Amino acid sequence: MILNRYFLKSIFSYTLSISLIFILLIVSSRTIQYLEQASRGEINAEVVFTVVLLRLPEFLELILPLGFFLSIVLTIGRLRADSEFVIMEQAGLSALKTYYLLLIPATSISIILIYFSMVLSPGLDAKAKNLLESESIQDSFNTITPGQFHKVGGFIVFARNKDDKGLQEVFTLQKDGDAEKIIKAKTINLSDNKQDLILKNGIAYSISDLEKLEVIEFTNSTIVNNHSEARAAISSAEIEKGTNSCIWSISLVMLIFISVFIALPISKINPRKGRYSRVLPALLLFSIYIGLLLSFKGEEESNTFSFSVIHIIFLLAALFLNFNSKRLA
């Protein structure tokens, strides 16, 4: 009983430590990425940290299986390197009992992943995407730098100068299907609703798919931003897609249990080689496994078959590793 608690305590502590390290790395990386987008005016800087927090369950869906897999490799490797595992085996810790003990953390992590992938992540992911896509034209407009091209909503803007009254000597390019509209105006500013652009004293050049050029001079003109409506439609489709995540949840659970059967034989080492000698090949094998699953995650029509094939391949690999491990023992 004491050996069981000692073994499980090592597994849980390694899983927690490894997961925490990877969480910090991913959160730091994503935060930097979002801050770079915010500096370019693509998203609102005020929502960056909120978006990162909302996506934590999505990150944990991949980090927890990795942390658990590496915890088995590191725990068994440490115990074998220190010759503790030999004593534990003599005390009755057989391979079958080791698998039985590993089912406890595997089941616990599987329940957490099912909750994350089916309940928590879809709703939080939808909120995060809405926050990222809800940046107003005003945010983009305020970050425009004179002498550079900027994307504002659904059109490209270039301004020679900028002051308190708005942008001066402006060039804009707007695409509507195959048609293009080029506008040159003296000044450009935001409308009262902070979503449309008001242009004054300019010329509009419209080029249709029939290669017909139309030239219109104007005193006042308004560019209506329809880009947000298109994004809202895309966002709604993604929300509906995110609710159907049962297959991915089952796939994560299978990943957890199959990785147990891979980790135990691959973690068997010669004490003279050191406790970390199998970490790199184990990490490489797991990266291939989860990478293949992620590559088929978005293909709704074929992901069930693809996931099944991937799991069967790695289950066969696990059986081969176990058989080879017993043969060499």
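Taken together, the values in this text are just the output of simple stated rules run on the coordinates, not laboratory data. Here the structure is a predicted model, which means the values were calculated and not measured. Here Cβ is always computed from backbone atoms with ideal geometry, including for glycine, and neighbour counts include all displayed protein chains.
What FRET efficiency, computed as 1/(1 + (r/R0)^6) with R0 = 56 Å and r the Cβ-Cβ distance, is obtained for residue 99 and residue 186, rounded to the nearest 0.05? If you can, show how the numbers build up before the last one.
Working: r = 76 Å, r/R0 = 1.36.
That pair, residue 99 with residue 186, gives E of 0.15.
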For this session: Quick one: which residues, 5 or more positions from residue 190 or on another chain, have an amide H under 5 Å from its amide H? H modelled 1.01 Å from N in the peptide plane, none for Pro or chain starts.
Result: 198
Problem set entry | Out-of-range pairs (alpha-carbon distance over 20 Å; input 151/184; 184/212; 165/200; 129/175; 151/175) | 129/175
Problem set entry | Amide H within-cut-off set for residue 43, under 5 Å, with H built and near neighbours excluded | 38
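About the Cα centre of the stretch 1-71, how large is the charge dipole given +1 on each Lys and Arg Cβ and -1 on each Asp and Glu Cβ? Please answer in debye to the nearest 20. Intermediate values should be presented prior to the final figure.
Details: 5 positive and 5 negative charges, 73 e Å.
It comes to approximately 360 debye.
Report the calculated FRET efficiency for residue 17 and residue 39 (r = Cβ-Cβ distance, R0 = 25 Å), to the nearest 0.05.
Once rounded, the FRET efficiency stands at 0.15.
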Seminar exercise, completed: Per the rule of 0.36 nm per residue minus the C-alpha distance, extending residue 216 to residue 295 adds in nm 23.5 nm
Problem set entry | Inter-site label distance for residue 160 and residue 30 at 7 Å from Cα along Cβ, in nm | 4.5 nm
Exercise. Assuming R0 = 45 Å, what is the FRET efficiency of residue 247 and residue 91, from their Cβ-Cβ distance, to the nearest 0.05?
Worked result: 0.60
Problem set entry | Extension reserve of the residue 111-residue 323 stretch, reckoned as 0.36 nm per residue once the Cα distance is removed | 73.4 nm
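Using only C-alpha atoms and all pairs of different ones, pull out the Kirkwood radius for the stretch 56-97 in Å with one decimal. Walk me through the numbers on the way to the answer.
Details: mean 1/r = 0.0846 Å⁻¹.
Radius from the Kirkwood sum: 11.8 Å.
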